[in-house]
Amino acid sequence: MYAVVATGGKQYKVREGEILRVEKIPGEVGAPVSFDKVLMASDGETVSIGQPFLENIAVSGHITEQGKAKKVLVFKYKRRKRYRRKNGHRQPYTAVRIDGITL
């Protein structure tokens, strides 16, 4: 059984028991999370596709970690103009363990 959910402007294919890293969701570690924007769901035999979302289907889980990703360096450079800018960015994320898909 799997589902495709939309959160943080992205789409993720999820299964029960796996850990998913999504854009930051407010909440403490251990807090329950529910994704109600389900685009597609399958139970192994039938596939349901929403237009754009499915009704009465939700994916539930709980937060396992709040953290920051590895640093990405942003370097701007213009040759012969003595222009250099170096900047770093760490994107915050939330790790969610998927508990169940309710059909």
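General observations
- Whole-Å semi-axes of the chain's equivalent ellipsoid (Cα gyration tensor): 36, 17, 10
- Highest average first, the peptides 38-44, 84-90 ordered by how many other beta carbon atoms sit within 10 Å of their residues are 38-44, 84-90.
- Listed by chain and number, the lysines placed with their C-alpha closer than 22 angstrom to that of Lys24 are Lys10, Lys13, Lys37, Lys68, Lys70, Lys71; residues fewer than eight positions away on the same chain are left out.
- With 0.36 nm allotted per residue and the present C-alpha distance subtracted, the Lys37-Ser60 stretch has 7.1 nm of extension available.
- For the peptides 95-101, 70-76, the ranking by packing is 95-101, 70-76, with the highest mean count of neighbouring Cβ atoms within 10 Å listed first.
- Cross-link partners of Lys78 among lysines (Cα-Cα below 19 Å; sequence separation of 8 or more within a chain): Lys86
- Carbon/sulfur fraction of accessible area - the stretch 1-96, other protein chains in place, 1.4 Å, %: 49
The values are calculated or read from the model by the stated rules, or taken from the named source; none is laboratory data. Since the model is a prediction, treat every value here as computed from it, not as a measurement. Don't worry about glycine lacking a Cβ; one is built from the backbone with ideal geometry, like all the others, and counts go over all protein chains shown. With ligands, DNA and RNA removed, areas are computed over all heavy atoms of the protein, side chains included. Shrake-Rupley method; radii C 1.70, N 1.55, O 1.52, S 1.80 Å.
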